[in-house]
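For reference, the structure discussed in these notes is given below.
The values are calculated or read from the model by the stated rules, or taken from the named source; none is laboratory data. The model shown is predicted, which means the values in this text are computed figures rather than measured ones. A quick note on method: Cβ atoms are made from the backbone with ideal geometry, for glycine too, and the neighbour counts reach across all protein chains shown. We work out accessible area using only protein heavy atoms, side chains counted, and drop any ligands, DNA or RNA first. Shrake-Rupley method; radii C 1.70, N 1.55, O 1.52, S 1.80 Å.
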Amino acid sequence: MENEGIGKSVVAWLFAILVIVTLLCILVVVKVVFLQSTSDWQENIATIKQVDVEPFRGDICAYDGRVLATSMPSYSVYWDLTVKGLGDSVFYKNIDSLASCMSRCFEDTTKDGYVRRFTEAYRKGLKYYCVKKDITLSQLKAMRNFPIFNKGRYKSGFISEQRYKREQPHKSLASRTIGSINEGSTNKMNGMEAAFDDRLSGIKGIKLMKKLSSGEMYPISPYGDIHDEDPVDGLDVISTLDVNLQDIVEKSLRAQLMRSEAEFGTVVVMEVKTGKIRAISNLDIIRDTVNKKISYAEQFNHAVVTQIEPGSTMKLASVIACMEKTGASIYDTVDAGNGVFELHDIVINDVDHPFKGKFTIKEGFEKSSNVIISKFAYYTFRDCEAEFVDRLYKMGLNKPSGIDLVGETTPNIKYPDNQHWSGVSLAQMSYGYELTLTPLQILSFYNAIANNGHMVRPHLMEGVRSHGQMIEVVETEETNSSICSKETLEKVQTLLKGVVENGTAQNIKNQHYSIAGKTGTAQIAKGRSGYASDGKKIYTASFVGYFPADNPKYSCIVAISNPSKGSIYGSSVACPVFKVISDKLYSKDRELYSGKNFNLLAQVDNSDKVPQIKSGDMAVVDRLCSRFNIPMSNLENCVTPYVYVSSQDGKVKLDPMSSNPNTVPDVIGMGLSDAMYLLRQRGYKVGVTGRGVVKKQSVAPGKTASKGTKINIELG
């Protein structure tokens, strides 16, 4: 009986436990259902998601380190109008004040305009309403203090997002070559941005984030997670471009385009030995039909992409081909007959300066005779036309230049088996028709002549930098070791000098340095309508050459399409641009000065005395002393932009100037422009009396003075 009582007691306890467990399970299920049905739970359901972390894109810089393209922070503001902390009372009470602040800050619409926009978004219950895009950090900080927004993220719904926007500090300078990044576009990038993207872009990182049902993203831990991967920032690309030269090139090209009202123009300046492109400008016409005005801007890289018929600049290749086959002298003659070369159904002539009778190849080339050059080529290759084209191919004219940019077009030089080859093709091609090249490809060929027959690949990347250290340097790459024999090369170099000395480019001849090159004027074919569009002929005017002719450092091409006002010829349209560029380069590059420059000290009775040179810009002092053969001392220690100048032992002694931005500079002995620049650069106001060089300054050099302090300088 006792055991039976114990058994019943155990059963009762087990039953009680079962009931309790069952009730607990029911309670848990009820609680889960209840929680799932509430918005509070919904708001706290989180999923783990892997998010890409964008790296910082590297800068594109000029050869001297000046930034050409960089990533600047940009901010966008969105508004979650459904947050609980907002509500009708807060929104309608403060919306007028918020709208007033927005209107004053951005000045893009009225207060009422903002009220209408915000009220409409609020009534729709938008969770991610775009308030402003691409604003600055200062504007973002101001917005955080506006009514409603100053309540914080969770009470106001204020959401800010940061991204990096690509900017070019020098604005239009080489902007198409530097390139752009167009989010959402089919062609996302172009120019150097596209060509060097593998170095600039860096490597994306990974971060684990919690995504709430509301769409908000939060890091799992503010200190990171073991699964997180930090992004690797992009590298800086150092280009070959010279900002100062680029400015000269663009200004001179724009001035000529405005004068001639041309459709577009392009200029490329390249170093002969290395293939480094120091400047490249492409300007297209912008027509304001309302105000009947025109302007020019960078829109398309004509130098690299646009194919043109080279016209007379092709005569150089034709003469080389003929001389390589025949060994002809530049003084051998060609009979121009009555000044007209009739061949099948075409007539080749020289409109402005007809050649009649016999003339040397030199005379024909210098004066750019179509008749003489086409006859020379035709009668040399008429029974072996393929050999003519083969020789052009051997010079590398059928290949792209190989520039380190995306999108270069391939030259179009047809072969005799081409369906469009005719009985006049050989003669036409010899003076620049029925074939097309880009301006850069023409320049590369002429650059090879300047480089004693060695063709090098043009390039825009000088190297790659990481944290201030160069980790990659681009070496000169030779693409053709010899475009022709040494004998032929010497002959054509003489011809190119003669074009400037005696021929069509005499207007750029000068007494300081020699130039070699060739003018070109080519009619532009317009598809099926041929060389005349609506009865109007249009042309490309060009000049391509190098300087100094005896020891070339730079080559340059200028091509201007469809000049509609004034002259159409390369000598009148393109040559002046070339001369402005070459003159500026000659004046700033001390390596171009030769022994021909006179020695200023030789004109001084006592050679221990040196001319007085003002203290100031180191580059200017260096240039003056180099140009007039004035010896300098202590040059190796002067790495500052500005120097003090004195005389010592018959030499100009240079001493570095302190570059401390917190002290007053010593401007005594400087000219007015240098003194004004230095003082204003450090934030001081300047008062000036007298003329000449600075004799006194009111605040002693080396002293500290707050910005805005007025410093009087006395000249005498």
Legend entry - Residue list for the stretch 307-333, restricted to those being out of contact with any Leu (no Cβ under 8 Å at 6 or more places or on another chain) and not in a helix (DSSP H, G or I): Gly327, Ala328, Ser329, Tyr331, Asp332, Thr333
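For the stretch 676-707, how many residues are polar (S, T, N, Q) and in contact with a strand residue (DSSP E or B) (Cβ under 9 Å, 6 or more places away or on another chain)?
Counting residues in the stretch 676-707 that are polar (S, T, N, Q) and in contact with a strand residue (DSSP E or B) (Cβ under 9 Å, 6 or more places away or on another chain) gives 3.
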Inset, instruction - Read through the list (1) open to solvent by 30 Å² or more (accessible area, probe 1.4 Å); (2) touching a strand residue (DSSP E or B) at 6+ places or on another chain (Cβ under 8 Å); (3) closer than 27 Å to Leu81 by Cβ; (4) modelled with pLDDT of 85 or more, then give the number of the only condition that Gly157 fails. - result: (1)
Inset, instruction - Could you figure out which of (1) surrounded by fewer than 24 Cβ atoms within 10 Å (Cβ to Cβ); (2) in a helix (DSSP H, G or I) isn't true of Asn551? - result: (2)
Inset, instruction - Report, by residue number, each residue of the stretch 444-472 that is assigned to a loop (DSSP other than H, G, I, E, B) and at pLDDT below 95. - result: His467, Gly468
Legend entry - Residue check, Thr333 open to solvent by 30 Å² or more (accessible area, probe 1.4 Å), among the hydroxyl-bearing types (Ser, Thr, Tyr) and in contact with a strand residue (DSSP E or B) (Cβ under 8 Å, 6 or more places away or on another chain): yes
Legend entry - Close pairs (8 angstrom Cβ cut-off, 6 or more residues apart or separate chains): touching a residue at least 12 places away in the same chain (Cβ under 8 Å) in the stretch 67-94, open to solvent by less than 60 Å² (accessible area, probe 1.4 Å) and of a type in the set (Lys, Arg) anywhere: Ala69/Arg166; Thr70/Arg166; Ser71/Arg57; Ser71/Arg166; Met72/Arg166; Ser76/Lys132; Val77/Lys132
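Looking at the stretch 402-445, which of its residues are more than 30 Å from Ile277 (Cβ to Cβ) and either out of contact with any strand residue (DSSP E or B) (no Cβ under 7 Å at 6 or more places or on another chain) or of a type in the set (Lys, Arg) (or both)?
Tyr415, Pro416, Asp417, Asn418, Gln419, His420, Trp421, Ser422, Gly423, Ser425, Leu426, Gln428
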Inset, instruction - From Arg259, Arg287, grab the single residue that is open to solvent by 10 Å² or more (accessible area, probe 1.4 Å) and assigned to a helix (DSSP H, G or I). - result: Arg259
Inset, instruction - Check the stretch 578-599 and report whether any residue there is out of contact with any strand residue (DSSP E or B) (no Cβ under 6 Å at 6 or more places or on another chain), more than 30 Å from Tyr644 (Cβ to Cβ) and modelled with pLDDT under 80. - result: yes
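Out of the residues in the stretch 91-113 meeting the condition of being among the acidic types (Asp, Glu) and at pLDDT 90 or above, tell me which one is nearest to Ile148 (Cα to Cα).
Our first condition is that a residue be among the acidic types (Asp, Glu); within the stretch 91-113, this holds for 96, 107-108, 112.
The next check asks that each one be at pLDDT 90 or above; those that pass are 96, 112.
Details: Asp96: 11, Asp112: 17 Å.
Per the criteria, the residue is Asp96.
Restricting to the stretch 401-413, name every residue that is open to solvent by 60 Å² or more (accessible area, probe 1.4 Å) and within 23 Å of Phe543 (Cα to Cα).
Matches in the stretch 401-413: Thr410, Asn412.
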Inset, instruction - Exactly one condition in (1) surrounded by 14 or more Cβ atoms within 10 Å (Cβ to Cβ); (2) over 27 Å from the mean Cα position of the chain (by Cα); (3) not aromatic (Phe, Trp, Tyr) is not met by Ser97; state its number. - result: (1)
Inset, instruction - Identify the residue in the stretch 379-392 that is in contact with a Leu (Cβ under 8 Å, 6 or more places away or on another chain) and surrounded by 21 or more Cβ atoms within 10 Å (Cβ to Cβ) and, among all such residues, is nearest to Ser485 (Cα to Cα). - result: Phe388
Legend entry - Asp352 out of contact with any Lys or Arg (no Cβ under 9 Å at 6 or more places or on another chain), at pLDDT below 95, under 19 Å from Lys518 (Cβ atoms) and acidic (Asp, Glu): yes
Inset, instruction - Please work out if Thr289 is farther than 23 Å from Asn412 by Cβ, without any contact (Cβ under 8 Å) to a residue 12 or more places away in the chain and of a type in the set (Ser, Thr, Tyr). - result: yes
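This table checks each residue for (1) part of a strand (DSSP E or B); (2) open to solvent by 20 Å² or more (accessible area, probe 1.4 Å).
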position	(1), (2)
Gln50	yes, yes
Ala69	yes, no
Val83	no, yes
Asp88	no, yes
Tyr92	no, yes
Cys101	no, yes
Asp112	no, yes
Legend entry - Subset of the stretch 474-496 (residues that are surrounded by 15 or more Cβ atoms within 10 Å (Cβ to Cβ) and either free of Cβ contacts under 8 Å to residues at least 12 places away in the same chain or of a type in the set (Lys, Arg) (or both)): Lys491
Inset, instruction - For the stretch 624-642, indicate whether the set of residues that are buried (at least 18 other Cβ atoms within 10 Å of the Cβ), modelled with pLDDT of 75 or more and either within 30 Å of the chain's Cα centre (by Cα) or over 30 Å from Arg278 (Cβ atoms) (or both) is non-empty. - result: yes
Inset, instruction - Could you grab me the full set of residues in the stretch 254-295 that are of a type in the set (A, V, I, L, M) and over 28 Å from Asn551 (Cα atoms)? - result: Ala255, Leu257, Met258, Ala262, Leu283, Ile285, Ile286, Val290, Ile294
Inset, instruction - Could you check how many residues of the stretch 315-327 are on the phi < 0 side of the Ramachandran plot and open to solvent by 10 Å² or more (accessible area, probe 1.4 Å)? - result: 3
Legend entry - Residue count, the stretch 501-530 (criterion: of a type outside the set (Gly, Ala, Ser), in a strand (DSSP E or B) and either exposed (fewer than 14 other Cβ atoms within 10 Å of the Cβ) or at pLDDT 95 or above (or both)): 2
Inset, instruction - Working only within the stretch 114-128, note down all residues that are modelled with pLDDT of 90 or more, under 27 Å from Lys165 (Cα atoms) and open to solvent by 30 Å² or more (accessible area, probe 1.4 Å). - result: Arg117
